[in-house]
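Below: the structure, in structure tokens.
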Amino acid sequence: MDKNNNPVIVENPVVVMKRYELKYIISREQELFFRESIKDHMQPDSFGLTSIGTLYYDTPDYRLINASIEKPLFKEKLRLRSYGLATDETPVFLELKRKAYGIVYKRRVQSTIPLVKKFLDGEGDICAGGQINREITYFRDHYGALAPTCLIIYDRTAFFEPGGDLRFTIDNDPRYRVDDLDLRVSMKGTSLLPPGYSVLEIKVQEAMPLWLAHILDSGKIYKASFSKYGEAYKKQILQSKAII
């Protein structure tokens, strides 16, 4: 949803991405400093503050997330994203995300929740052929028995560099839940960070510009290893296993 609580419709979405993604955990004071410091270089996108829900799929034995938190040179995950609270008719995005040697590769297709469910149940293709369809279908068939395991929600503001490829996102109140695993239910969840802290992501295709390095250094903003799904898994699912 946007700042007026309306569903967000994404036009002409990017379906293939290759870039570096750098993550930082920032306090409210650091966020204010960062937002002020980038004004001469970056612009907020037209959607403003947007609530995003991302539903992660995994095998019954959590094969994908267990592999991911071991920090291998290659890892992959499948997730379904909604910009705002979804319905059966609103667009959602099924995304295959891979990371190899620090570079993030994304393949995604626009669909609807009923069609995605049908596809993950093994019926047909997710889109009308092509390389992206083949990659996502291979992933589904390779792992088999994929089901929703965790829903990650956050309130995002995105910034872009006019005429360039640099992109920032600030995710306020990242939260999760492991019940009601449906993008159509609500945007409620348990917070992943202490109050006032957010996740800053810098998405860049080449080297970080010098002006940005100066801003991060001045604000004492340091890179962190942080995965929203990974943190939720360690907080909730592993604890549940320990209790059992």
(request) Return the sequence-ordered ³J(HN,Hα) values of the stretch 82-92 in whole Hz as given by the Karplus equation 6.51 cos²θ - 1.76 cosθ + 1.60 applied to θ = phi - 60°, using x for Gly and Pro. (result) 10, 9, x, 5, 8, 10, 5, 9, 6, x, 10
(request) Past 31 Å, Cα to Cα, is the threshold; run Lys18/Lys118; Lys23/Lys118; Lys39/Lys234 against it and keep the listed order. (result) Lys23/Lys118; Lys39/Lys234
(request) Can you tell me the relative contact order of the stretch 159-244? Whole percent, Cα pairs under 8 Å, sequence separation 6 or more. (result) 29 percent
(request) May I ask you to compute the full-extension gain from Tyr105 to Glu206, defined as 0.36 nm times their residue separation minus their alpha-carbon distance, rounded to one decimal in nm? (result) 35.0 nm
(request) Work the Kirkwood hydrodynamic radius out for the stretch 111-198: mean of 1/r over every pair of different alpha-carbon atoms, inverted, in Å. (result) 15.9 Å
(request) Would you calculate, for the chain, the mean residue ellipticity at 222 nm contributed by helices, counting each DSSP H stretch of 4 or more residues as -39,500 (n - 2.57) and dividing by all residues, to the nearest 500? (result) -6500 deg cm²/dmol
(message) Explain nothing, just compute: Karplus ³J(HN,Hα) = 6.51 cos²θ - 1.76 cosθ + 1.60, θ = phi - 60°, for every residue of the stretch 113-120 in order, whole Hz, x for Gly and Pro.
(response) 4, x, 6, 5, 4, 4, 5, 6
(request) Go through the stretch 25-37 residue by residue and turn each phi into a ³J(HN,Hα) via Karplus (6.51, -1.76, 1.60, θ = phi - 60°); whole Hz please, and just put x for glycine and proline. (result) 9, 10, 7, 4, 5, 5, 5, 4, 4, 5, 4, 5, 6
(request) Provide the FRET efficiency to the nearest 0.05 for the Thr87-Ser191 pair, computing r from the beta carbons and using R0 = 25 Å. (result) 0.45
(message) Can you compute the label reach from Lys117? Point 7 Å from Cα along the Cβ direction, backbone N cut-off under 18 Å, restricted to the stretch 145-162.
(response) 145-151
(request) Can you run the Rg to Rh ratio on the stretch 66-141? Use alpha carbon positions and the Kirkwood inverse-distance Rh. (result) 1.00
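Where a number appears in this text, it was derived from the coordinates with a stated rule and is not lab data. As the structure is a computational prediction, the values presented were derived from the model and not from experiment. Heads up, the Cβs are rebuilt from the backbone with ideal geometry, glycines too, and the neighbour counts pull from every protein chain shown.
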